Amino acid sequence: MSAIQSLLRVMTLRDAEAIILETNKVPSLRRRGQIETLAMPALEPPLLADVAALLTGGRPLEDGPTSLPFHDPDGAHYRVTLEKLAAGFRMVVRPSRPPATAAAPPAVPAGDAKPHAWWAQPSEKRQSPSAPGELAAPPAAPAAAVQQRSNSSRSPSRYPT
């Protein structure tokens, strides 16, 4: 497995889109849409068979190509498309993102059981009635607003009566 992990590191360091590993063939990189063959010997059948068995958990691949995730112990994440051929296996390995973790729902404070809209006043700023059953008084209007309302009531009407 360490030989395959080394090839995956080469793919990452060379900024390749994918690496193609096939039994009895030289590994090749796909970079910028072009295929580049690596300068190394062909891959032996037992090497890819061991990796395939590890990825599939021993399940047969007779149905066709299978796409599986692979997580390198160094922290890298890959997507492996594994296909069974007459001569062995073919793997196309692409870098991928780490799996998304499910976000935990936000915690509701113990004293405030009902959720509120983001634009609503927090419960600490709301006015509460002083006695049970009594309605809360509306907030007082600022003095400037009261003065403006009293001046606007004195202005002549635009429409004669």
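Could you say which residue among LEU38, LEU8 is of a type in the set (A, V, I, L, M) and within 31 Å of the chain's Cα centre (by Cα)?
Criteria check complete, one pass: LEU8.
Output yes when any residue across the range 45-57 is at pLDDT below 80 and more than 16 Å from ILE4 (Cα to Cα), and no when none is.
Yes - at least one qualifying residue is present in the range 45-57.
Find all pairs meeting these conditions: Cβ atoms under 6 angstrom apart; at least six residues apart or on different chains; first residue within the range 29-55 and without any contact (Cβ under 8 Å) to a residue 24 or more places away in the chain and among the polar types (S, T, N, Q); second residue part of a strand (DSSP E or B) and surrounded by 14 or more Cβ atoms within 10 Å (Cβ to Cβ).
Correct list of pairs: THR37/SER28.
Taking only the range 13-36 into account, find how many residues are β-branched (Val, Ile, Thr) and surrounded by 15 or more Cβ atoms within 10 Å (Cβ to Cβ).
3
For GLY75, state whether it is modelled with pLDDT of 65 or more, surrounded by fewer than 10 Cβ atoms within 10 Å (Cβ to Cβ) and either farther than 13 Å from ILE4 by Cα or in contact with an Asp or Glu (Cβ under 6 Å, 6 or more places away or on another chain) (or both).
Answer is yes for this residue.
The values are calculated or read from the model by the stated rules, or taken from the named source; none is laboratory data. The structure presented is a predicted model; accordingly, all values stated were derived computationally and were not measured. Neighbour counts run over all protein chains shown; Cβ positions are idealised from the backbone, glycine included.
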